[in-house]
Structures are given as C-alpha cells and as structure tokens.
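Before any comments, here is the structure.
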Amino acid sequence: MTHYAIIGSGITGTTTAWVLRKKGYDVTVFDRHRYPAMETSFANGGQLSASNAEVWTNIGTMIKGVKWMFTPDAPLLFNPKPSWHKYSWMMEFASNFRNYKANTITTTSLAIESRKHMTAFAEEAGVEFNRENRGILHFYKKQSEFDHAHKVNELLAKGGLDRKRLTPDEVYQIEPAIKSKVIGGYFTESDFTGDIHKFTVGLAQAAAEAGVTFNMNCDVSDIDHDGDKPNVSWTDFNGARHSASFDGVVVTAGVGSRDIAARLGDRVNIYPVKGYSITVNMDDAASQAAAPWASLLDDGAKIVTARLGDDRFRVAGTAEINGENYDIRADRIAPLTRWVQENFPGISTENVIPWAGLRPMMPNMMPRIGKGKKRGVYYNTGHGHLGWTLSCYSAEAIGDIIHSQHNQ
Ligand SMILES: Cc1cc2nc3c(=O)[nH]c(=O)nc-3n(C[C@H](O)[C@H](O)[C@H](O)COP(=O)(O)OP(=O)(O)OC[C@H]3O[C@@H](n4cnc5c(N)ncnc54)[C@H](O)[C@@H]3O)c2cc1C
C-alpha cells in the first residue's frame, strides 16, 4: 500500500491523516510530543468562524499595530530586536495589502466549506468536542470599529456568508449575559464553537483505530529526498535515531514547517505569531449563569470567547511578534482576565488556566496547501489565525491533490 508520512499531529496533521486513511493510504504520523494537539491546537479561541475570515494584511491594521506598540496591554506586542526572518516576513506581509480583499473573500468561502467537512468528520469518527451551535456575535463599542465592520461585511457576503447587522437591543437579546454598553453588532448564526484539543485527540483516536500509526515522542530531526522518495529521520524519546523512506510526506508541522520545508528545498515562509488564552473554570452555579453561551468577538479588544460546556469559558486573543517563544507572560494574560471581570463581573476568575500558542502564519495569511518541488512532497500548513476553522477543508483539499497524483 502507498505509505505517507505526516509530520505533526495538531489539527492539520490529524485531519490530513484521517482523510488519507479514508482514501485507502497507509499513514504514519510523527510528532515530537507524547500526545496529539499539544502545541497551537491545544487551547485556542474555539471559534469555527467564517465571520472572522478577514485577513490582517490591511493598512488600517498596520497603523493600529504601530499605535499599539506604544500602548501597554494592547492586543499586539512587537519585539523590535533585529531578526532577518521577522523583518523580511513583515515586508512580505506589507506587500500583501493589495490582496486583502481577494484573500478575505477566498478565506470566507473556504471557511464555509470547512464547517461542513468538520460536521461530517465528527459524525464519522464519533467525536464529542463541546460543540455549541449558537452562532458568533461580534460586538462593537466604538463607531469607527462598527463602520469598518460594515466594509468587512461586504467582503464576507461576497465570500457567501450570511451575517446579520444588529442594534444594541438585538445584541442583548441574543446574549443577555453581555452587560457592557455596545453600539451594535453582527451575528453569524451558522458559525459555531468547540474544543480543538478534544476534537483533535478524538479524531486521532479514531484514526488510530482505523489503522493510522502514531509515532509520538518522535522529533523529526532531518528529512531528505533521494530523487524518488522522501526519507524521514527522527529521534525518539530515548534519544535513538531512526530513519525510513516513504512514498510521500505531508508537512503539517505548524511553526516547525518552515524549517522542514527548507530541508526539502521549498520556501514556506511561516512566522510564529503568538497568542494567549485563558480557560476560566466555572466551578459555581453563579459563574455558570453569568457566562455567555453565544460565542463573542469583541472587535475593539480583539478578544474571542467560546463556552466549552457548562463549566469552562475560553477567552483568547493578542498577537505577539517575538519569534519562536513559548513563554506565558503574566502581563499578556492579565488583560484577558481583566476583560472577563469588566464584561462579565458575575464570573469568578479564581480558577483560571493561562496558555500561549504560536499561530503558524504565512505573510499573505493564506494556508499553503499543495505540492512541493520534489516528488511526493506536500504541504498543508500555515493557517495562521484560522487553522481550526479551515482545517477540515484543507485536509480534504490536500487529500484530493494527493489522490489525483495517483490517478494520473
Ligand atoms: C490564541 C489563539 C487563538 C486562536 N483561536 C482560533 C479560533 O478561534 N479559531 C480558529 O480557527 N483558529 C484559531 N487559532 C489558530 C489555530 O489554533 C491554529 O491555526 C492551529 O491550531 C494550527 O494547527 P497546526 O496543526 O498547523 O499546528 P500545531 O497545532 O502547532 O501542530 C503542529 C504539530 O507539529 C509538531 N511538530 C513540529 N515540528 C516537528 C518536528 N520537527 N518533529 C515532530 N513534530 C513536529 C508539533 O509538535 C505540533 O504538534 C488560534 C490560535 C491562537 C494562538
């Protein structure tokens, strides 16, 4: 049987493994962690959100970003320390301003497509992941932000998304738990939320039962190509080195993909854009009653939320341009906890779990899904701020590309 190696068992690797196995391939997944979904797919914002498909490659975002550099607690933190990768990536990011509209429209339609596949995968694999079908509510406190949202809405509509504009009363009707003063909102009924970690782990279990091999605790330390096939070398938990050749390889290694691609002669210019989340464990009935069920996006604070069952409330946001740095900084977590207290004072923030993850972001903010230069080399990576939303579409897409090569 044709044998594919998949490097990375986050959401992109696990969904790719699932699709390739269903198509009848032999699949071996490698990950440096002991379990799937231990990096960026661990505790993200939880939103399956076509309504958040706006790409960030926009002059307005850049101007805001520059202002935020001088504001403590701002949603963006930039470490100016010189690094060739950082500055060259930012130049390429700026060169993509011209593609802002087209990429937002495309991302919207891919996200809509992806949500359907996610529903199908969860049903086929029998995965429970605290899915909540209560839509995503964007709310606004400043007129300039609401005005920008109207323009974004035109692009989302071109991508096929039905998003309803709301008066403040309608915002409070949809989510009575919101107590702060808002000037309006947008509601996307078709968007939903869930726990990315539960979904990925559940799908990995189902994939293993279907015959996928998971080589965990295996750090892919090298990869080369003999002209015909890729050869993967890895170091296991005990430090022993191994290598094996495969008919093909799919790189789904998140922020590790750039380095692996370079070894294969491909340029996949992913930069790690750090974000933070808190998971508020709501152990008491009063907190549970005070927490919203609709998923929220506070556009001014750039904060997203998801209710994960009765007793967990996920709040995520911020972007930090600071290299491959996994530190969880107290000063970046504090604004998230404070946001909960300000907006939902009835929720106890006594029991809060902080987390940080690195968004694998391409400078055009579009995932890299397709073939590499060498035979049998494929990529499904670089999904940036929307990897959970786009993952099931992109796994199907790379599966189709791979399958079509075999049928030529
Ligand atoms: C704060 C925050 C909030 C977010 N909120 C949302 C949201 O609400 N909705 C949404 O759609 N998206 C959201 N995202 C984005 C989304 O979480 C990511 O795009 C997605 O998780 C990336 O998945 P991945 O599989 O590409 O990477 P990862 O999950 O990081 O998986 C890559 C895997 O590759 C492995 N790996 C890497 N290199 C090697 C190597 N050399 N050898 C072996 N293994 C290797 C790693 O161990 C890792 O397990 C958010 C991200 C952040 C940070």
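Computed from the coordinates by the stated procedures, all read-outs in this text should not be read as laboratory data. What you see is a predicted model; the values in this text were computed from it and never measured. Note that we place each Cβ from the backbone using ideal geometry, even for glycine, and neighbour counts take in every protein chain shown.
Quick look at the numbers
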{"read-out": "Neighbour net charge for PHE187 - beta-carbon separation under 12 angstrom, K R +1, D E -1", "value": "-1"}
{"read-out": "Simple label model, 7 Å out from Cα along Cβ direction - PHE78 to ILE59, nm", "value": "1.6"}
{"read-out": "Amide H partners (placed H, <5 Å) of ILE303, local residues excluded", "value": "ASP298"}
{"read-out": "Mean-position separation - Cα centroids, segment 266-340 and segment 349-408, in angstrom", "value": "21"}
{"read-out": "Proximal lysines to LYS229, defined as alpha-carbon separation beneath 26 angstrom and excluding residues fewer than eight positions away on the same chain", "value": "LYS22, LYS23, LYS371, LYS373, LYS374"}
{"read-out": "Residue of ALA50, ALA316, ALA94 that the Gaussian network model of the chain assigns the largest fluctuation, springs spanning Cα pairs under 10 Å", "value": "ALA94"}
{"read-out": "Full-extension gain in nm, PHE97 to SER221, via 0.36 nm per residue minus C-alpha separation", "value": "41.1 nm"}
{"read-out": "Global form of segment 46-203, assessed from the alpha-carbon gyration tensor, a/c cut-off 1.5", "value": "oblate"}
{"read-out": "Amide H contacts of SER190 (H built 1.01 Å from N, under 5 Å, at least 5 apart or other chain)", "value": "none"}
{"read-out": "Listed residues GLY184, GLY227, GLY126, most fluctuating in the chain (Gaussian network, C-alpha, under 10 Å)", "value": "GLY227"}
{"read-out": "Rg over Rh [alpha-carbon atoms, Kirkwood Rh] for the chain", "value": "0.96"}
{"read-out": "Total formal charge among the other residues, if their Cβ is under 15 angstrom from that of GLY376, Lys/Arg +1 and Asp/Glu -1", "value": "0"}
{"read-out": "Förster-model FRET efficiency, 41 Å R0, GLN341 and ASP259, C-beta, rounded to 0.05", "value": "0.55"}
{"read-out": "Relative contact order of the chain, defined on C-alpha pairs under 8 angstrom at six or more residues apart (%)", "value": "26"}
{"read-out": "Karplus-derived 3J(HN,Hα), 6.51/-1.76/1.60, for each residue of segment 369-374, Hz, glycine and proline x", "value": "10, x, 7, x, 6, 8"}
{"read-out": "Mean Cα-pair separation over length for segment 1-109, i.e. relative contact order, pairs under 8 Å, 6 or more apart, %", "value": "26"}
{"read-out": "Dipole in debye (nearest 20) - the chain, about Cα centre, beta carbon charges: Lys, Arg +1; Asp, Glu -1", "value": "1120"}
{"read-out": "Residue-count net charge about THR2 - beta-carbon cut-off 9 Å; Lys, Arg +1, Asp, Glu -1", "value": "-2"}
{"read-out": "Amide N proximity, segment 247-276 versus LYS23 label position 7 Å along Cα-to-Cβ, cut-off under 16 Å", "value": "247-252"}
{"read-out": "Karplus (6.51, -1.76, 1.60) ³J(HN,Hα), θ = phi - 60°, over segment 23-29, in Hz, Gly and Pro reported as x", "value": "7, x, 8, 7, 10, 10, 9"}
{"read-out": "Gaussian network model of the chain, springs between alpha carbon atoms under 10 Å - residue of SER144, SER49, SER221 with greatest fluctuation", "value": "SER144"}
